Amino acid sequence: MRTGQHALLRRCAQGIAGLLYPRAANCLCCGDPRQASAADCLCDSCRWAIEQKRLPPSACDRCLSPVRPGKPCAFCASPLMASIDRAFAPYRYTEEVRQLIHAYKFDACNEALPLLCDAMADALPVRDFDCISPVPLHIKRLRQRGVNQALLLSQGLSARTGIPVAELLQRTRYGKPQSLTDAARRKTNVENAFSASKEAKGKRILLVDDVRTSGSTAYACARALRDAGAQSVSLCVCAVVYRKK
Ligand SMILES: [Zn+2]
Ligand SMILES: [Zn+2]
């Protein structure tokens, strides 16, 4: 059976289990009991906390990194943005946002996914892309997880924007998950780890992932898409990691 069919079966089973045994309606972030409703999957204090984690207006227009007033943006000047036109994201990556992303990663049936997709669509002021392309998982990891979470985000964003999804990237090298890799090794871990389909040629592509940490995964994907002839590559993620200076 193909990996996608496995994932579909698993999600159907989760859906049926959810109908038969409705879960306690707890806040997706802190686990506090709450009134169940699709529109209100967070308790008031977590919803407030997440809204506080919106990217500040002072973030760099192009890459969303923190910038000091009057100074050029160091991240834009780094090679990590060399193949990327612009980045879009609703949130900074903080504990509440991490919990929300964790909630949808480990249970794609809960309300965290639509909430994150809504926030990503709101953070996307332009729609002039030919397609949305998720950051891929290696086939081995896809078999372990059953589903590529970046694909779920891409599909959610596609439903909200009308931009079609095209899986143009493949992960050709099996490395440690980026989350287990320290910052110095992230870049070498993903260098040349992706290849892009010829269909990328001439396209304006919106690359989608859950979090931009160091930026090296997005960079490696954008490089592969550009090498395949993409006209432009922009990035849309749920959250951007702000490093302490
Ligand atoms: Zn809460
Ligand atoms: Zn910048």
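The values are calculated or read from the model by the stated rules, or taken from the named source; none is laboratory data. All values reported here derive from a predicted model rather than from experimental measurement. Note that each Cβ is placed from the backbone with ideal geometry, even for glycine, and that neighbours are counted across all protein chains shown.
Matching residues to (1) acidic (Asp, Glu); (2) modelled with pLDDT of 90 or more; (3) farther than 19 Å from Cys221 by Cβ; (4) more than 16 Å from ligand 1 (Cβ to nearest atom):
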residue: Pro72; (1), (2), (3), (4): no, yes, yes, yes
residue: Cys76; (1), (2), (3), (4): no, yes, no, yes
residue: Asp130; (1), (2), (3), (4): yes, yes, no, yes
residue: Lys140; (1), (2), (3), (4): no, no, no, yes
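Using the structure shown, decide if Cys109 is surrounded by 18 or more Cβ atoms within 10 Å (Cβ to Cβ) and either within 14 Å of ligand 1 (Cβ to nearest atom) or modelled with pLDDT under 85 (or both). Steps first, please.
On the way: surrounded by 18 or more Cβ atoms within 10 Å (Cβ to Cβ): no; either within 14 Å of ligand 1 (Cβ to nearest atom) or modelled with pLDDT under 85 (or both): yes.
For Cys109, the condition - surrounded by 18 or more Cβ atoms within 10 Å (Cβ to Cβ) and either within 14 Å of ligand 1 (Cβ to nearest atom) or modelled with pLDDT under 85 (or both) - is not met.
Take region 78-104 and flag every residue that is of a type in the set (Ser, Thr, Tyr), more than 23 Å from Ala230 (Cβ to Cβ) and either away from ligand 1 (no atom under 16 Å from the Cβ) or not in a helix (DSSP H, G or I) (or both). Give the steps one after another, and end with the answer.
Kept after step one, since they are of a type in the set (Ser, Thr, Tyr), are these residues of region 78-104: 78, 83, 91, 93-94, 104.
Narrowing the set further to residues that are more than 23 Å from Ala230 (Cβ to Cβ) leaves 91, 93-94, 104.
Within region 78-104, Tyr91, Tyr93, Thr94 meet the criteria.
Would you point out the residue of region 33-57, among those that are in a loop (DSSP other than H, G, I, E, B) and surrounded by 13 or more Cβ atoms within 10 Å (Cβ to Cβ), that is modelled with the lowest pLDDT?
Ala36
Residues in region 53-87 that are touching a helix residue (DSSP H, G or I) at 6+ places or on another chain (Cβ under 8 Å) and charged (D, E, K, R): how many?
So the count comes out to 2.
Could you please find all residues in region 60-104 being in contact (Cβ under 8 Å) with a residue 12 or more places away in the chain and aliphatic (A, V, I, L, M)?
Leu64, Leu80, Met81, Ala82, Ile84, Ala87, Ala89, Val97, Leu100, Ile101, Ala103
Of everything in region 58-87, what is loosely packed, with under 12 Cβ neighbours inside 10 Å, under 24 Å from Leu207 (Cβ atoms) and more than 12 Å from ligand 2 (Cβ to nearest atom)? Give them in sequence order.
Matches in region 58-87: Pro79 only.
Tell me the residue from Pro136, Pro90 that is under 23 Å from Leu207 (Cα atoms), surrounded by 18 or more Cβ atoms within 10 Å (Cβ to Cβ) and touching a helix residue (DSSP H, G or I) at 6+ places or on another chain (Cβ under 6 Å), please.
Details: Pro136 fails: touching a helix residue (DSSP H, G or I) at 6+ places or on another chain (Cβ under 6 Å).
None of the others qualify; the one that does is Pro90.
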